[in-house]
Amino acid sequence: MRALFDHNPDAIFLLDRDGRVLDANQAILQFGAHNTRENVVGHHFRDWLDAEDLPRHQSYFDRALAGETVAYRSRAHTFTGRRLQIYITSVPMLREGVVEGVFCIVRDETEKKEIQRRIASQDTALLESEARLRSLFDHNPDPVLALDLEGTMLACNDASERVSGLRRDQIVGRNFAEFLGHTNAELAREAFVSAVSGTPATLTFATVNGAGRAIEVNGTVIPQFSSGKVVGIYAVFQDITERREAERRAELQRERLRTLAYYDPLTGLPNRTMLAERVRDAIEVAQSRLSRFALLFIDLDRFKDVNDTLGHARGDVLLRSVALRLTEAFGKTSIARVGSDEFVLLLTDVIENADARQAAERALAVLGEPFALDDYEQFISASIGIAMYPEDGRDEQALVKNADIAMSRAKDRGRNGYYFYDPTLEAPIHLRLSQEKLLRQALEREEFTVHYQPQFDLRTGRIVSVEALVRWNHPKSGLILPNHFIPSAEISGLIVALGEWVLATALDTVAGWQREFGQLRLAVNLSARQFHERTLRQGILNALQAARIHPSLLEVEITESIAMDDAAQTASILRELAASGIRIAVDDFGTGYSSLSYLRQFELDVLKVDASFVHGIGRTSGDETIVNTIIGMAHNLDLEVIAEGVETREQLDFLTAQGCDVVQGYVISPALAAPDLARFLHERMPSAPTG
């Protein structure tokens, strides 16, 4: 019996009637190295049980003491705190029919219980997973099909009916291939075979559903595994019709944006941005091959005249026709439109300058043929500037800039020609930019001054007006005449600020003379930019009000070329000025191309005979005839005539004899600084009466 006790695989504890351990076998070591016989003897068995299980243990222990063999489960812990699930069998220990103690046979079920728990958990999870999967199958917004390994559809969800346009009974039980055309069926079979072999596959196809709607579908075919084997197939489809349509619309929009970004909307030619990319590409190729290429900057001559006379619609037709001719001659990839009437030709196959020259001559010839604009036959010419890579520029910006400079030189030489870039062409530009900087500084430092030239009335023998003439009192160069700086001021826009200063200064000065000498008129020159300023009239009226001078005592002068540049607009501006009471004079008359019909439309008061004709008096009969004609014509139009540049007594006598009204020039007085002219007026004019 002792051997059965000692060598039993289950742990056996011998307890006395109080529940203390009297003996234990070696199997108790399975609960830990500390559970030796020596460590457990003398302890209460209940010390190893969970407190919650003690009442139940005591109940079973009492029954064993009463002679009953009982079995129950309990939770316990080892000396180290490890928790156990144990199965206890309590057997009464009898001696001569009396229960002296209890054998507690203990079996460790901890691992078994954990396995059972895991199995139960897995079963629950599996059930929950199947429920979720079923819910996913049934309620998926995309069509889902369950198929067997032959391709027969066993089940489908509601979305399958909606997208396919078929009822469930028209889908289930049929093979998938029945619903697909030949091409789509082949794609589907390849995906299906892949899934049957254990590898998911995707496919995309277009078809017509049962309701007759064209759709695009993206599908994923998935193997269904059980015990490591493929037992079925799931197919999930997505209706991508709207997405694909949106993608196509987005692609069309991107293409439109690219067209707007890189192409000219009027002609369809590449624009400046695309040209820049192509020039950069040409530079990379030329660098790798040590080769050259040419850039031809083409500007249509007098294109503005076409717009002004034939209208902008026909001007656009002409531009499209020019683009077509250049494209036909040189290819669309070679030509770009970079401005209103500006085109650039990129020639990448140039070896010598002669090749570029030949291309320029060809372009001029192509554009020299007449253009048909509705019922009109229009002839145009072009000016072309040529820049060569690498000698005329090593980047896109430099090449385009230098070709543009050369084009301007071609225009200066009479238009309808070409010119190769030369670094010396930039000298005037640098000079002008430098002068613009100096002009800005001169305005800030108040280096400008106003001189005044008196105008003498031949009818009354009196000084009736003075013309304000600006001078630049340069600290180093001295007094600089306007013809040396007015062009730069005009180009830079500084002429507006300078003109406002001259007007305000001259009005303030003349206001003082008027108080001393009576009514004295002031004449001021308006540049082209000033004349077309939107605020011209109001600015002049504000200056007159500030100086307290009546508008009739101000005379503004514009050149004949300004007047005729845009006759309709000129007439409108002059009407506004005349309505305000301001006198208007046309300066340098006879040097331009005025039409008498236009002169009659303009609100004019004075014609000024240009000094070049006055200088011919007494020298050439032609100039005398012109002067005489201008005086007669002006008087017939009820205009006053002022002759400028009168330097000799002979000229003065001739003008007096011909009935000229007013003269100015050295024969009367040169232009003088304000203090000097004040002294001149004191000598020649009586003071205004006071009181």
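The values are calculated or read from the model by the stated rules, or taken from the named source; none is laboratory data. Computed from a predicted model, the values in this text were never measured in an experiment. Cβ coordinates were reconstructed from backbone atoms using ideal geometry, including for glycine residues, and neighbour counts include every protein chain displayed. The area values use the complete protein model at the heavy-atom level, side chains included, leaving out ligands, DNA and RNA. Shrake-Rupley method; radii C 1.70, N 1.55, O 1.52, S 1.80 Å.
Worth pointing out:
- Selection of segment 282-293 for residues being surrounded by 13 or more Cβ atoms within 10 Å (Cβ to Cβ) and of a type outside the set (F, W, Y) yields A282, I283, A286, S291, R292.
- Within segment 180-230, considering residues that are in a loop (DSSP other than H, G, I, E, B), touching a strand residue (DSSP E or B) at 6+ places or on another chain (Cβ under 9 Å) and closer than 21 Å to E150 by Cα, the one least open to solvent (accessible area, probe 1.4 Å): G198
- Odd one out for V350 among (1) modelled with pLDDT under 90; (2) surrounded by fewer than 19 Cβ atoms within 10 Å (Cβ to Cβ); (3) touching a helix residue (DSSP H, G or I) at 6+ places or on another chain (Cβ under 7 Å): (2)
- Residue within segment 649-658 that is under 21 Å from I463 (Cα atoms), of a type in the set (A, V, I, L, M) and open to solvent by 50 Å² or more (accessible area, probe 1.4 Å) present: yes
- Among the candidates V663, V667, V646, the residue that is crowded, with 21+ Cβ neighbours inside 10 Å, in a loop (DSSP other than H, G, I, E, B) and over 58 Å from the mean Cα position of the chain (by Cα) is uniquely V646.
- L275 meets the conditions (1) closer than 14 Å to R337 by Cα; (2) in contact with a Pro (Cβ under 9 Å, 6 or more places away or on another chain) in every case but one. The failed one is (2).
- Given (1) open to solvent by 60 Å² or more (accessible area, probe 1.4 Å); (2) touching a residue at least 12 places away in the same chain (Cβ under 8 Å); (3) of a type outside the set (F, W, Y); (4) assigned to a helix (DSSP H, G or I), number of the condition R73 does not satisfy: (4)
- Total residues in segment 462-481, condition exposed (fewer than 15 other Cβ atoms within 10 Å of the Cβ) and within 20 Å of A528 (Cβ to Cβ): 1
- The residue pairs whose first member lies in segment 294-308 and is at negative phi and buried (at least 24 other Cβ atoms within 10 Å of the Cβ), whose second member is part of a loop (DSSP other than H, G, I, E, B) and hydrophobic (A, V, I, L, M, F, W, C), and whose beta carbons are closer than 7 Å, counting only pairs six or more residues apart or on different chains, are A294/V350.
- Within segment 362-374, residues that are charged (D, E, K, R) reach partners that are open to solvent by 40 Å² or more (accessible area, probe 1.4 Å) with beta carbons closer than 9 Å, at six or more positions or on different chains, in the pairs E369/R325; E369/F379; D374/R314; D374/V317.
- Residues that are part of a strand (DSSP E or B), touching a Phe, Trp or Tyr at 6+ places or on another chain (Cβ under 9 Å) and more than 21 Å from D281 (Cβ to Cβ) are absent from segment 349-370 altogether.
- Only one of the numbered conditions (1) modelled with pLDDT of 85 or more; (2) under 46 Å from the mean Cα position of the chain (by Cα) is not met by S488, and that is (1).
- Selected residue [modelled with pLDDT of 90 or more, more than 30 Å from K304 (Cβ to Cβ), in a loop (DSSP other than H, G, I, E, B) and small (G, A, S)] from G618, G581: G581
- Residue pairs whose Cβ atoms lie under 7 Å apart, separated by 6 or more positions or on different chains, with the first residue in segment 164-175 and closer than 13 Å to A146 by Cα and the second open to solvent by less than 60 Å² (accessible area, probe 1.4 Å) and part of a helix (DSSP H, G or I), are R168/E161; I171/S160; I171/S164.
- All positions within segment 390-402 that are within 14 Å of A276 (Cα to Cα) and part of a helix (DSSP H, G or I): E396, Q397, A398, L399, V400, K401
Quick grid of which residues meet (1) in a strand (DSSP E or B); (2) open to solvent by 60 Å² or more (accessible area, probe 1.4 Å); (3) within 22 Å of F5 (Cβ to Cβ):
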| residue | (1), (2), (3) |
| --- | --- |
| E52 | no, yes, no |
| P55 | no, yes, no |
| F61 | no, no, yes |
| E68 | no, yes, yes |
| V91 | yes, no, yes |
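- Which numbered condition A547 fails, given (1) open to solvent by 30 Å² or more (accessible area, probe 1.4 Å); (2) in contact with an Asp or Glu (Cβ under 7 Å, 6 or more places away or on another chain): (1)
- Residue match in segment 496-508 (condition: under 30 Å from M633 (Cα atoms) and open to solvent by less than 30 Å² (accessible area, probe 1.4 Å)): no
- Restricting R256, R243, R248, R213 to those that are more than 30 Å from E190 (Cβ to Cβ) and not hydrophobic (A, V, I, L, M, F, W, C) reduces the list to R256.
- Looking across segment 540-565, the residues that are farther than 21 Å from V466 by Cβ and of a type outside the set (V, I, T) come down to N542, E560, S561, A563, M564, D565.
- Residue in segment 323-335 that is part of a helix (DSSP H, G or I), over 22 Å from Y262 (Cα atoms) and either at pLDDT below 90 or out of contact with any Lys or Arg (no Cβ under 6 Å at 6 or more places or on another chain) (or both) present: no
- Any hit, segment 232-249, residues being under 30 Å from A313 (Cα atoms), assigned to a helix (DSSP H, G or I) and open to solvent by 90 Å² or more (accessible area, probe 1.4 Å): no
- Flag for E447 being closer than 30 Å to K476 by Cα, at pLDDT 85 or above and not basic (K, R): yes
- So E533, is it open to solvent by 50 Å² or more (accessible area, probe 1.4 Å), touching a Ser or Thr at 6+ places or on another chain (Cβ under 7 Å), more than 19 Å from Q664 (Cα to Cα) and touching a residue at least 24 places away in the same chain (Cβ under 8 Å): no
- Boolean, A387 is open to solvent by less than 30 Å² (accessible area, probe 1.4 Å), in contact with a Leu (Cβ under 6 Å, 6 or more places away or on another chain) and assigned to a helix (DSSP H, G or I): no
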